[in-house]
Amino acid sequence: LGHESAFVRRAAAAALEALARSGCRAPAAEACWASIEHGNADVRASALEAVGKIAEQGDTVAVGKLVACVRNDAEVLVRHAGLQALRSVAVQGDVRAVSAAASALQGDSCSSVRQAAASALGDLL
């Protein structure tokens, strides 16, 4: 997932999704987490998109890391990807996820992030 090429990242994400489907979710998720602090925002966003497909719904560790990305990442596409992943990973009513989405809806400077936050809130409430 840490490769500069979007093609390679998509292939890596597909391989990790297949690994997770085969019952090896933890190693697949760990590969994603290794990329969420990468210097390239595209890499971080790709990792979060993969987390949304790999992590089990209700995974509290994943929710915490996604919330941190939504709240703290400087890049629009990363915050957007984090909100999209929260829709899949957080359970309905998860206080941390709802709070992060509500904060993004009220305070994010980017309209696409605010729209993703509104969609996430629709799923989480």
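The values are calculated or read from the model by the stated rules, or taken from the named source; none is laboratory data. Since this is a predicted model, take the numbers as computed values, not measurements. Neighbour counts are summed over all protein chains in view; Cβ atoms, including those assigned to glycine, are modelled from backbone coordinates with ideal geometry. Accessible surface is based on the protein model in full, side chains and every heavy atom, while ligands, DNA and RNA are left aside. Shrake-Rupley method; radii C 1.70, N 1.55, O 1.52, S 1.80 Å.
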Sole miss for residue 21 among (1) under 23 Å from residue 116 (Cβ atoms); (2) open to solvent by 60 Å² or more (accessible area, probe 1.4 Å) is condition (1)
All conditions in (1) open to solvent by 70 Å² or more (accessible area, probe 1.4 Å); (2) assigned to a helix (DSSP H, G or I) are true of residue 56 except (2)
Within the stretch 56-97, the count of residues that are hydroxyl-bearing (Ser, Thr, Tyr) and farther than 23 Å from residue 42 by Cα comes to 1
Within the stretch 85-124, the residues that are open to solvent by less than 50 Å² (accessible area, probe 1.4 Å), of a type in the set (Gly, Ala, Ser) and closer than 13 Å to residue 57 by Cα are 85, 90, 93, 97
Q) Does residue 48 meet the test of being closer than 21 Å to residue 67 by Cα and either among the hydroxyl-bearing types (Ser, Thr, Tyr) or part of a loop (DSSP other than H, G, I, E, B) (or both)? A) no
Check your understanding: Quick one: would you say residue 71 is under 15 Å from the mean Cα position of the chain (by Cα) and open to solvent by 50 Å² or more (accessible area, probe 1.4 Å)?
Key -> yes
Hey, any hits in the stretch 30-40 for a residue that's in a helix (DSSP H, G or I), crowded, with 18+ Cβ neighbours inside 10 Å and among the β-branched types (Val, Ile, Thr)?
no
Next on the checklist: Looking at the stretch 18-41, can you tell me whether even one residue there is touching a Lys or Arg at 6+ places or on another chain (Cβ under 7 Å) and closer than 24 Å to residue 109 by Cα?
Outcome noted: yes
Among the residues of the stretch 59-75, are any touching an Asp or Glu at 6+ places or on another chain (Cβ under 6 Å), farther than 21 Å from residue 124 by Cβ and among the hydrophobic types (A, V, I, L, M, F, W, C)?
no
